[in-house]
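Q: Take a look at this one; I'll ask things after.
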Amino acid sequence: MIRLFVGLEMPEAVRDALSRLSGGLPGARWAPPENYHLTLRFIGEVDEGVAQDIDQALDLVAAPAFTLTLDGLGQFGRGERSRVLWAGVRPEPALDHLQAKVESAVVRAGLPAETRKFSPHVTLATLGRETSAARVGRLMEDHGLFQAGPFAVDRFVLYESVLGRQGSTYHVVRDYPLGGWRAEDAAP
Ligand code: 2AM
């Protein structure tokens, strides 16, 4: 079995900008900069055969390249056990287009459809119970104008997530170009 998800990598300059936000929140587990990514589709544990079907379906995704700008900070799960602090993304129709294509590809490969709405973000930290909501609020205020980019997105990737004691590590297993000419784009 292999634990997979589909996402976008962050270029180094963006990782640097994001990593400068880390620190100063007791109980927060900050993502290491090499883990920053934007999840397009979480897949979970699948066997090798399904992984191959997913790879083949993703390989057929044809979508234009685009640029993205990270914009602002937010959190999921306010007041709950599993809280996540994230950097948001300026709305970009080409990103939504790509995500819809990735979703259909994964469903075509036999996975159940995702029911949750797509909320593009880059996870910065998971917050522990002991992380003070007031301090999170202050950090979000202090960095309310946070922006990174714009940066070019010219590929998306299939990641393997390996769960470890110190958190997950992510490896790129395959990458898929965006914006290239493909036979199926051609007019009949
Ligand atoms: P994230 O996108 O909010 O960071 C690999 O586990 C990635 O897939 C993580 O980045 C994680 O959250 C995202 N993800 C989405 N749904 C998930 C789920 N049900 N379980 C684990 N990770 C999930």
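Q: Sorted from fewest to most neighbouring beta carbons within 10 Å, what does the list Asp142, Asp47 look like?
A: On the way: Asp142 12, Asp47 9.
With the sparsest Cβ surroundings first, the list reads Asp47, Asp142.
Q: When the Cα centres of segment 135-172 and segment 29-82 are compared, how far apart do they sit, in Å?
A: Centre-to-centre distance over Cα atoms comes out at 10 Å.
Q: Using Cα pairs closer than 8 Å and at least 6 residues apart in sequence, work out the relative contact order for the chain, in percent. Show your work: numbers first, answer last.
A: Working: 327 pairs, mean separation 61.1, N = 188.
Rounded, it is 32 percent for the chain.
Q: Can you put Leu73, Leu163 in order of Cβ neighbours within 10 angstrom, beginning with the fewest?
A: Listing Leu73, Leu163 from fewest to most nearby Cβ atoms yields Leu163, Leu73.
Q: How big is the dipole moment of segment 2-181 about its Cα centre under a simple scheme where the beta carbon of each Lys and Arg is +1, that of each Asp and Glu is -1, and everything else is neutral? Debye, nearest 20, please.
A: It works out to roughly 740 debye.
Q: Determine by what factor the alpha-carbon radius of gyration of the chain differs from 2.2 N^0.38 Å, reporting the quotient. Please list the in-between numbers first.
A: Values: Rg = 17.3 Å, N = 188, 2.2 N^0.38 = 16.1 Å.
My calculation over the Cα atoms of the chain gives 1.07.
Q: Identify the residues of segment 1-18 with backbone N under 19 Å of a label point that sits 7 angstrom from the Cα of Thr69 along the Cα-to-Cβ direction, or state none.
A: Zone members listed by number: 10-18.
Q: Then there's this: Using a Förster distance of 25 angstrom, determine the FRET efficiency expected from the C-beta separation of Asp59 and Arg129, and round it to 0.05.
A: Details: r = 43 Å, r/R0 = 1.70.
The pair Asp59/Arg129 has a calculated efficiency of 0.05.
Q: Points 7 angstrom from Cα along the Cβ direction at Asp154 and Arg29: gap in nanometres?
A: Label at Asp154, label at Arg29, 3.6 nm between them.
Q: Neighbouring Cβ atoms within 10 Å as the yardstick, rank Met10, Met140, Met1 fewest first. Mind showing how you got there, number by number?
A: Details: Met10 25, Met140 15, Met1 10.
Exposure proxy ranking, most exposed first: Met1, Met140, Met10.
Q: Based on the alpha-carbon gyration tensor of segment 66-125 and its eigenvalue square roots a ≥ b ≥ c, which shape applies: rounded if a/c is under 1.5, prolate if not and a/b is larger than b/c, or oblate?
A: Oblate.
Bear in mind that the values in this text are calculations on the coordinates, not laboratory data. Only a predicted model underlies this, so the values are computations on that prediction, with no experimental measurement involved. Because the Cβ atoms are built from the backbone with ideal geometry, glycine has one as well, and the counts that use them run over all protein chains shown.
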